[in-house]
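Structure first, then comments.
Just so it is clear, none of the values below were taken in a lab; they were calculated from the coordinates. The model shown is predicted, which means the values in this text are computed figures rather than measured ones. Neighbour counts are summed over all protein chains in view; Cβ atoms, including those assigned to glycine, are modelled from backbone coordinates with ideal geometry.
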Amino acid sequence: MKRYMSLWCGMLLLLLTSLAHADLTIEITQGSDRATPIAVVPFAEQGAQLPTDIASVIANDLERSGQFKPLSRDDLIATPSASSEVNYRDWRAVDADYLVVGKVGTDGSIQYELMDVYGQERMLGKVINLASPDQSRAAAHRISDEIFEAITGIRGAFSTQIAYVTSQGVGEDIQYGLQVADADGYNSQQILSSDEPILSPAWSPDGQKLAYVSFETGRPAIYIQNLASSQRVRASSFEGINGAPAWSPDGRKLAMSLSKDGQPEIYVMDVGAGSFQRLTRSDAIDTEPTWAPDGKSLVFTSDRSGGPQLYRYDLASGEAKRLTFTGNYNSRGRFSPDGETLFMIHRGSQGFQVAKQDLETGRLTTLTDSRADESPSVAPNGTMVIFATQQGGKGVLSAVSADGNASFRLPAAQGDVREPAWSPFLN
């Protein structure tokens, strides 16, 4: 128990130190050589003006996915607003594989079309009616989702959200906040403010609640908060450690790490009944549980082999099997949506980096080249992983594509940011 409390306090001290001395930035840090060229033409305005540059949001969404390379506006050979105005030969000349055009109607509605340049065909064409101009940015993300799926066959995740923890101030005057923002970092809203640390936000599968760890009473406790009503309940506040909450795929259970019986072990709480079931029983530190997509097993971090490694607990048999063997440190496992890949923090030659392991072959691949990565969270379509890291002495939220070929940094509110969590699909 002393060993774990020492580790917990050390990690918390490191978190507080880094939180107090960092800002966020936004930039594309690495583009993919295999990105598909696409032209997104500025949308024509037929009288009504929206507060959002629809084409710019679409282009930025697609570029951040790592799978598309939008042409710069200086390279656009023409500015059509409808497919009937498109000369496909012109767009082949600038090597655009796809073309997006559109217009804002006099009533504020948004009309867009997607064309396959080389196939010379219209792939999509829709009209989106807005209840108010304030919905224009959300509409742009929805268009990005539809374009992404039409071309790749993968559901777009641009209309999702991210949760993260911020802090502002120094020393004993640090103020912590739990924030929720759009997946591109915009429209940030504070869900909780506290004078004490907040850790490990986790989305419920329906996207309506967040579970998190708060130290507001002077010791860690797990809370569940409804995002719409702001109502919350304290789910776990035993003596010792209450940490790392993780929702089951059906939303009925919450896995967590508790030290109420001595060593930190993995427990599962029935959210409706409020009852607890202990899963692991070892002399090691067992923490950071995450559910497999099918709900039949959990992966957790344990030092039972001498250093942090990932283990899989089968709920039917009650047996735990070690999954990671590459290197002496692998932690914070997170499944891909199909359950075939496990993302994690791996200590390599350069430091702590985001990595992935193919669960069939056991092959581990490092995805980032930074040195202080932490808290990976996978997009609900499996194409990107968001994580916290340090860059140039500053704390940033970063994201990397699942193949490691593209990466970017996200904008966020002022203050330092850690503990990102990507939401499920919200509609």
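Based on the alpha-carbon gyration tensor of the stretch 34-152, what equivalent-ellipsoid semi-axes (square roots of 5 times the eigenvalues) come out, in whole Å, largest first?
Equivalent-ellipsoid dimensions as semi-axes: 22, 16, 12 Å.
With label points built 7 Å along Cα→Cβ from the Cα atoms of Asp134 and Asp75, find their separation and express it in nm.
3.8 nm
Roughly how many debye, to the nearest 20, is the charge dipole of the stretch 258-320 about its Cα centre, given +1 on each Lys and Arg Cβ, -1 on each Asp and Glu Cβ, and no other charges?
40 debye
To the nearest 20 debye, what is the magnitude of the charge dipole of the chain about its Cα centre, counting +1 on the Cβ of each Lys and Arg and -1 on the Cβ of each Asp and Glu?
Once rounded to the nearest 20, the dipole reads 1120 debye.
Round to a whole angstrom and tell me the spacing of the C-alpha centers of the stretch 350-373 and the stretch 238-313.
A separation of 23 Å, based on Cα centres.
Would you mind telling me the antiparallel percentage of the DSSP bridges in the stretch 34-152, rounded to 5?
65 percent
Can you sort Ser83, Ser248 so the residue with the fewest Cβ neighbours within 10 Å comes first?
Ser83, Ser248
How much FRET efficiency would the formula 1/(1 + (r/R0)^6) give for Ala316 and Asp116, where r is the Cβ-Cβ distance and R0 is 56 Å, rounded to 0.05?
0.75
Net charge near Ser83, counting Lys/Arg +1 and Asp/Glu -1 over other residues with Cβ under 15 Å of its Cβ?
Net charge around Ser83: -1.
If you stretched the chain out fully between Thr361 and Thr326, how much longer would it get, using 0.36 nm times the residue separation minus the C-alpha to C-alpha distance?
11.3 nm
Calculated from the structure, mean projected area of the Cα convex hull in nm² equals which of [x] 56.2; [y] 21.5; [z] 27.4?
Comparing each candidate, only [y] matches the computed number.
Give me the net charge for the shell around Glu196: Cβ to Cβ below 13 angstrom, other residues only, Lys and Arg +1, Asp and Glu -1.
-3
Quote to one decimal, in nm, the extra length available between Leu426 and Ser230 on full extension: 0.36 nm per residue of separation minus the C-alpha distance between them.
68.8 nm
For labels at Glu172 and Lys260 in the simple 7 Å Cα→Cβ model, what's the distance in nm?
3.3 nm
Subtracting the Cα-Cα distance from 0.36 nm times the residue separation, let me have the gained length for Gln277 to Ser109 in nm, one decimal.
Fully extending the segment from Gln277 to Ser109 adds 55.3 nm.
Read phi for every residue in the stretch 369-377 and hand back ³J(HN,Hα) as whole Hz from Karplus 6.51 cos²θ - 1.76 cosθ + 1.60, θ = phi - 60°, with x for Gly and Pro.
10, 7, 10, 9, 6, 7, 6, x, 9
Using only Cα atoms, find the angle between the long axis of helix 54-64 and the longest principal axis of the chain, and express it within 0 to 90 degrees, rounded to the nearest 10.
Computed tilt is about 50 degrees.
Cα axis of helix 136-152 to longest principal axis of the chain: angle in degrees, 0 to 90, nearest 10?
90 degrees
Helix 2-19 sits at what angle to the longest principal axis of the chain, using alpha carbons and giving 0 to 90 degrees rounded to 10?
30 degrees
Check which residues have an amide H placed less than 5 Å from Ile191's amide H, if you skip close sequence neighbours.
Leu178, Gln179, Val180
Taking springs between alpha-carbon atoms closer than 10 angstrom, which of Arg73, Arg155, Arg332 fluctuates most in the Gaussian network model of the chain?
Highest fluctuation among the options: Arg73.
Got a sec? Charge dipole of the chain, +1 on Cβ for Lys and Arg, -1 for Asp and Glu; which of Ser167, Thr29, Ala131 is way out at the positive end?
Towards the positive end, the residue furthest out is Ser167.
Here is the link list: Lys253/Lys321; Lys253/Lys356; Lys126/Lys209; Lys260/Lys321. Which ones come out longer than 28 Å on Cα distance?
Pairs exceeding 28 Å: Lys126/Lys209.
Along the charge dipole of the chain, Cβ charges K/R +1 and D/E -1, which of Val41, Gly243, Ala379 sits furthest on the positive end?
Checked the options; the winner is Gly243.
Given Ser194, Pro289, Gln263, which one lies farthest toward the positive end of the charge dipole of the chain, if we put +1 on the Cβ of every Lys and Arg and -1 on the Cβ of every Asp and Glu?
The listed residue farthest towards the positive side: Gln263.
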